[in-house]
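Asks: Quick one: the structure is below, and I'll ask about it shortly.
Every read-out reported here was derived from the displayed coordinates using simple, explicitly stated rules and does not represent laboratory data. Here the structure is a predicted model, which is why all the values come from computation and not from measurement. Glycine also receives a Cβ, built like all others from the backbone with ideal geometry; neighbour counts cover every protein chain displayed.
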Amino acid sequence: MVTQNAGVTPGTLYVVATPIGHLGDLSSRALEVLGAVDLIAAEDTRHTRGLLTHFGIQKPLIPLHEHNEARQMQMLIARLQAGAAIALVSDAGTPLISDPGYGLVAAAAAAGVVISPIPGPCAAIAALSVSGLPTDRFVFEGFLPPRRPARRTRLQQLARERRTLIFYESPRRLVEVLADCVEVLGGERKACLGRELTKRFETVYRGTLADVQSVLTTHSDALRGECVLLVAGAVASATEDAAGNADAERILADLVAQLPASQVARLMDRWFGGGRAHWYQRAIALRAAVDL
Ligand code: SAM
């Protein structure tokens, strides 16, 4: 049955982010959409039922997880094409981000279904936003391979990556993952471990990879709960910098001495590319270093 509900458009698939801890993080728009759709596709229907009950919402739920996605998505797309409004949720955070839903969204897009995001919590972005590491460019790596040889190979492939690295990790593997990171990427790299974000025992550890590794041995709490590990990108070698960026660096320094950071960013982006946000952060950092 298709209902005409205020707040949602018939035939639309809504990809709805839900809290990663604090229930207050469910947006009012997410609540409105969850309360108005015809059907909710959920990673774990029991988990989502608990969330909906907390907010006084009753809706038909159907399971959509990695083991049944291929089967369920045909049925969901047929329902969407018949005019149903459907929400997709996962257990926590943004669906598809290390969570089920990619198959459904890709197939719905191919079938011409309208897909609308209801954005909200995402552990990777929450951790990045408080890490103190560069945010102008970053790479989301999801979970590293659970087995050591494959994990070390992946880390070696990432060793020269300049952008901030973001990993999801299970607390059970944290000690061995940190040991591999220190060995492959070097203990002096800046890092951040965000655990239990938005929850009662939220903790953010910042320092070098070696510092974070030693926190794990001294604070047993650090090994409990959900966590995101962030590692600063590789610093370019002096030779790489000299070859590639000498002109840009000289001009950046000249501009920073004369213009506000926003204008510096606009000009540098126009001349050298790379995005205004990148140059804005560089200008702020350079000015702070000069003012010291
Ligand atoms: N879709 C989710 C998102 O948008 O963040 C991620 C789901 S993934 C299966 C679960 C992983 O996300 C956890 O193992 C952990 O690495 C991270 N995570 C989820 N909630 C978290 C929290 N409150 N604090 C820190 N990390 C969290």
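Asks: What does DSSP give for segment 17-107 in terms of the percent of beta bridges that are antiparallel, rounded to the nearest 5?
Replies: Percent antiparallel among DSSP bridges in segment 17-107 is about 10.
Asks: May I pose another question? Report, for the chain, the % of DSSP beta bridges that are antiparallel, rounded to 5.
Replies: Bridges in the chain are about 45 percent antiparallel.
Asks: Evaluate the Debye formula for segment 12-121 with equal point scatterers sitting on the alpha carbons, no solvent, and hand back log10 of I(q)/I(0) at q = 0.10, 0.11, 0.13, 0.16 Å⁻¹, in q order, two decimals.
Replies: Values returned for q = 0.10, 0.11, 0.13, 0.16 Å⁻¹ are -0.23, -0.28, -0.40, -0.61.
Asks: With N set to the number of residues, divide the alpha-carbon radius of gyration of segment 63-206 by 2.2 N^0.38 Å and report two decimals.
Replies: Cα Rg divided by the expected 2.2 N^0.38 Å: 1.25.
Asks: Would you mind checking which residues have amide H under 5 Å from Arg162's amide H? H placed 1.01 Å from N; only 5 or more apart, or other chain.
Replies: Long-range HN contacts for Arg162: Ala234.
Asks: Go through segment 188-240 and name the GluC sites (Glu not before Pro) that are in a DSSP coil and have 15 or fewer other Cβ atoms within 10 Å of their Cβ.
Replies: Glu188, Glu202
Asks: Shifting gears a bit: If you put +1 on each Lys and Arg Cβ and -1 on each Asp and Glu Cβ, how big is the dipole of the chain around its Cα centre, in Debye rounded to 20?
Replies: For this selection, approximately 180 debye.
Asks: To continue, here is another question. If you find the alpha carbon centre of segment 1-79 and of segment 114-139, how far apart are they in angstrom?
Replies: 22
Asks: Would you be so kind as to identify which of Thr94, Thr203, Val290 lies farthest towards the positive end of the dipole of the chain, taking Lys and Arg as +1 and Asp and Glu as -1 on Cβ and the Cα centre as origin?
Replies: Thr94
Asks: Additional query: Give a quick list of trypsin sites (Lys or Arg not before Pro) in segment 116-152 that DSSP marks as loop, anything other than H, G, I, E or B, with at most 11 other Cβ atoms within 10 Å.
Replies: Sparse-neighbourhood loop trypsin sites (Lys or Arg not before Pro): Arg147.
Asks: Follow-up question, since we're still on this one. If the viscosity is 1.002 mPa s and the temperature 20 °C, what Stokes-Einstein diffusion coefficient in µm²/s follows for the chain when Rh is the Kirkwood radius over Cα pairs?
Replies: Using the Kirkwood radius from Cα pairs, D works out to 99 µm²/s.
Asks: Sticking with this one: Hey, got a sec? Which trypsin sites (Lys or Arg not before Pro) in segment 28-81 land in a DSSP loop and have at most 13 other Cβ atoms within 10 Å?
Replies: The qualifying sites: there are none.
Asks: Can you give the convex hull volume of the alpha carbon atoms of segment 190-286 per residue, in Å³?
Replies: In segment 190-286, the Cα convex hull volume per residue is 129 Å³.
Asks: Can you tell me which of Asp247, Asp38, Asp136 moves the most in a GNM of the chain? Springs connect C-alpha atoms under 10 Å apart.
Replies: Greatest mean-square fluctuation among the candidates belongs to Asp247.
Asks: Could you tell me what percent of the DSSP beta bridges with both partners in segment 124-231 are antiparallel, to the nearest 5?
Replies: The answer is about 75 percent antiparallel.
Asks: Which of the helices in the chain, when you take each full DSSP H run, stretch at least 27 Å along the axis at their Cα atoms and have an average Kyte-Doolittle score of -0.5 or higher?
Replies: 238-258
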